[in-house]
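Working notes, structure below.
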Amino acid sequence: MYSEKVMDHFQNPRNVGEIEDASGVGTVGNAKCGDIMRIFLDIDEEGIIREAKFKTFGCGAAVATSSMATELVRGRTIREALQVTNKAVMEALDGLPPVKVHCSLLAEEAIHAALWDYAQKNGIEIAGLSRPKSDIHEGEEEENW
Amino acid sequence: MIYLDNAATTKTAPEVVEAMLPYFTEMYGNPSAIYSLGSAGKKAINEARRTIAGSIGAGPEEIYFTAGGTEADNWAVKAAAESYSEKGKHIITTKIEHHAVLHTCEYLEKRGYEVTYLDVDRDGIVDLEALKAAIRPDTILISVMFANNEIGSIEPIGEIGAIAKERGILFHTDAVQAFGQIPVNVDELHIDMLSASAHKLNGPKGIGMLYIRGGLKIRSFVHGGAQERNRRAGTENVPGIVGYAAAVQRAQRLMEEKGRRERELRDYLIDRIEKEIPYCRLNGHREKRLPGNVNFSFRFVEGESVLIMLDMKGICASSGSACTSGSLDPSHVLLALGLKHEEAHGSLRMTLSEENTKEEMDVVVEHLRQIVGRLRDMSPLYEDFLKSQKV
């Protein structure tokens with residue numbers, strides 16, 4: 001069902017973890033559809049993404065697209081990072097099954113959300129970037145386990 | 001390999017394969033033919049029908065062979081609805097039925113029927129009072145599964161049958177998961193129609209049956225021949241039918257021993273998981289449960305990821321996660337229990353057979369503990385949860 005590259009990025013995900021005091025953090029997706037991605041970016045004064053990390057709740061494709069997306073933006077400028085579209089992530093993974101295409105969209109949105117957070121924190125505007133849709137809070141009642 | 005997906009399908013037992021083989025290679029004649037090559041098949045079908053009927057306390061003329069459980073469910077629900085439509089157009093079923101029943105009910109809803117989908121409690125058991133309250137003068141059919149395929153909960157079938165009988169309503173049960181695993185008797189439980197398949201009890205795929213109580217006016221489902229007393233046309237699947245009977249005989253013979261063994265393993269596995277993996281929830285009723293069914297939700301992780309990682313360790317299981325269903329929605333059964341979407345996505349079903357061992361259960365727990373731990377380490381939900389605990 002999955003390509004070898006997807007399986008590789010699922011089994012050996014790159015850049016798993018958090019960045020303390022990250023320049024920007026973006027969380028997208030919701031528990032209802034079963035995927036939540038959080039991407040952390042460390043961006044230097046020249047606007048270069050020095051480090052990218054992720055945490056993901058989701059299926060094999062969700063983990064693999066998060067892993068690939070962080071790989072694709074590391075060492076890039078903000079402008080270049082905006083070019084990392086869901087299509088680019090999918091191509092880099094040698095494709096995804098049709099029902100999993102939404103995972104790659106989520107990865108693109110997570111990068112954008114982290115960049116938006118960075119822009120907000122620094123009071124700057126990034127051309128071509130708009131406020132992300134964040135809907136991870138479903139409002140379901142918490143329950144004790 | 002450790003196979004823990006026996007509710008999906010089982011290994012065909014060697015004695016079943018052996019019983020079937022002559023009906024492919026030697027006695028291949030059409031059972032409707034006059035010559036003796038055909039009548040050998042006819043004779044085998046009659047014997048098989050007697051065996052299977054006897055196992056549920058029915059008469060041989062009440063057993064109709066189908067291509068499987070799904071066809072039997074479709075037939076039962078559609079034909080009952082059509083045959084009794086003059087009395088009314090209301091059907092009662094539950095929210096946790098197999099799609100073979102649920103999608104058939106939806107089909108009927110588009111054709112003027114009304115369907116009440118009963119809620120179940122937190123353990124997946126139907127509330128008898130709610131059932132009684134749902135009955136209307138125009139109710140023509142109650143269809144409640146014997147035991148659930150995902151969570152293994154066993155429904156109060158005898159009580160439901162008694163209610164249906166008292167109110168003069170037809171009662172159908174989808175017994176695909178229960179038949180061959182636990183005792184089933186159509187008279188004692190007041191069952192009017194019962195669906196079952198063969199491949200869940202070490203029989204072949206592609207063969208099942210519908211029990212229809214004698215005297216019921218249930219129309220034919222497949223037209224085009226006089227087979228199955230004019231009710232299900234098509235040349236009989238002789239090897240399948242013979243294999244089905246062999247599987248039923250085997251299941252009857254082993255039921256007690258097999259059930260005891262599976263329950264022991266099941267409870268051992270449940271116990272170890274509950275003790276060793278935090279933030280898990282057993283789905284389904286703890287006691288009123290099929291002998292081989294284990295179903296857990298692991299919080300903060302997603303089922304498909306768990307399945308792929310288990311598969312890499314040679315362990316076959318299944319999940320109620322959306323990603324394994326081809327849709328975006330997680331299991332309707334788990335949602336009907338009142339589970340949150342996140343919990344339903346994080347479910348894992350392991351269904352045992354008598355061939356599994358305690359050592360295998362130990363291996364499974366060890367891998368599962370590591371896999372769930374690893375996935376939680378990369379889960380933003382777990383990160384948020386840990387932070388919320390510190391405050």
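Please treat every number below as a calculation from the coordinates, not as lab data. None of these values were measured; they are calculated from a predicted model. In this analysis, Cβ positions are derived from the backbone assuming ideal geometry, glycine residues included, and neighbour counts consider all displayed protein chains.
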With unit charges on the beta carbons (Lys and Arg positive, Asp and Glu negative) and the dipole taken about the Cα centre of region B:13-251, which residue among B:TYR35, B:LEU201, B:ILE140 sits farthest to the positive side?
B:TYR35
In region B:1-102, the trypsin sites (Lys or Arg not before Pro) that fall in loop regions by DSSP, at most 13 other Cβ within 10 Å
B:LYS11
In peptide B:329-335, how many Cβ atoms from other protein chains are near each Cβ within 10 Å, on average?
1
Where does region B:318-391 land on Rg(C-alpha)/(2.2 N^0.38 Å)?
1.34
Whole-Å distance, taken between Cα centres, linking region A:1-59 and region B:129-147
49
List the trypsin sites (Lys or Arg not before Pro) within region A:96-137 that DSSP assigns to loop and that have no more than 16 neighbouring Cβ atoms inside 10 Å.
A:LYS133
Once each part is reduced to its C-alpha centroid, what is the distance from region B:190-234 to region B:251-326 in angstrom?
31
In whole Hz, with x marking every Gly and Pro, tabulate ³J(HN,Hα) for region B:187-203 from phi via Karplus 6.51 cos²θ - 1.76 cosθ + 1.60, θ = phi - 60°.
6, 4, 9, 6, 8, 8, 9, 9, 9, 8, 10, 9, 6, 8, 10, 6, x
How big is region A:1-61 by the Kirkwood estimate over distinct Cα pairs, in Å?
12.9
Counting Lys and Arg as +1 and Asp and Glu as -1, each charge on the Cβ, what is the dipole of region B:255-390 about the Cα centre in debye, to the nearest 20?
400
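Taking neighbour Cβ counts within 10 Å as the exposure measure, how do B:ARG299, B:ARG136, A:ARG131 sort from fewest upward?
The order, fewest Cβ neighbours first, is A:ARG131, B:ARG136, B:ARG299.
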Please state the Cα pair-distance histogram of region A:4-122 with 10 angstrom bins from zero: what percent is in each bin?
16, 52, 28, 4
Estimated translational D of region B:79-176 in µm²/s (Stokes, Kirkwood radius over Cα pairs; 10 °C; 1.306 mPa s)
119
Kindly identify region B:3-61 as rounded, prolate or oblate by the Cα gyration tensor criterion: order the square roots of the eigenvalues as a ≥ b ≥ c, call it rounded if a/c is under 1.5, otherwise compare a/b with b/c, prolate if a/b is larger, else oblate.
oblate
Evaluated at 37 °C with a viscosity of 0.692 mPa s, what Stokes-Einstein diffusion coefficient in µm²/s does chain B have when Rh comes from the Kirkwood expression over alpha-carbon pairs?
149
MRE, 222 nm, helices only [DSSP H, n ≥ 4, -39500 (n - 2.57), over chain A, to nearest 500]:
-12000 deg cm²/dmol
For peptide A:17-25, how many partner chain Cβ atoms fall within 10 Å of a residue's Cβ, on average?
1
For the charge dipole of the protein assembly as shown, defined by +1 on Lys and Arg C-beta atoms and -1 on Asp and Glu C-beta atoms about the Cα centroid, which residue among A:PRO132, B:THR93, A:PRO13 has the Cα displaced farthest towards the positive pole?
B:THR93
Which aspartates and glutamates have a Cα lying under 12 Å from the Cα of A:LYS55, excluding residues fewer than 8 positions away in the same chain?
A:GLU18, A:ASP35, B:ASP377, B:GLU383, B:ASP384
DSSP H segments from chain A that extend 18 Å or more along their own axis, Cα-based, with Kyte-Doolittle mean of 0.5 or above:
A:60-73
For region B:13-251, what is the charge dipole size about the Cα centre, in debye to the nearest 20, if Lys and Arg each add +1 at the Cβ and Asp and Glu each add -1 at the Cβ?
740
Roughly what % of Cα-Cα distances in the protein assembly as shown sit above 44 Å, to the whole percent?
28
With a 10 Å radius around each residue's Cβ, average the other Cβ atoms per peptide and rank A:47-59, B:205-217, A:71-83, highest first.
A:47-59, B:205-217, A:71-83
Where GluC sites (Glu not before Pro) in DSSP loops with at most 14 other Cβ within 10 Å are excluded, longest remaining stretch of chain B
B:87-187
Taking the Cα centre of the protein assembly as shown as the origin, how large is its charge dipole in debye, to the nearest 20, when only Lys and Arg (+1) and Asp and Glu (-1) carry charge on their Cβ atoms?
1520
What does the average come to when, for each residue of peptide A:36-44, you count the partner chain Cβ atoms lying within 10 Å of its Cβ?
2
In deg cm²/dmol and to the nearest 500, what is the mean residue ellipticity at 222 nm of chain B if only DSSP H runs of at least 4 residues count, each as -39500 (n - 2.57), divided by the residue total?
-13000 deg cm²/dmol
Cα-based Rg of region B:245-391 per 2.2 N^0.38 Å, rounded to two decimals?
1.12
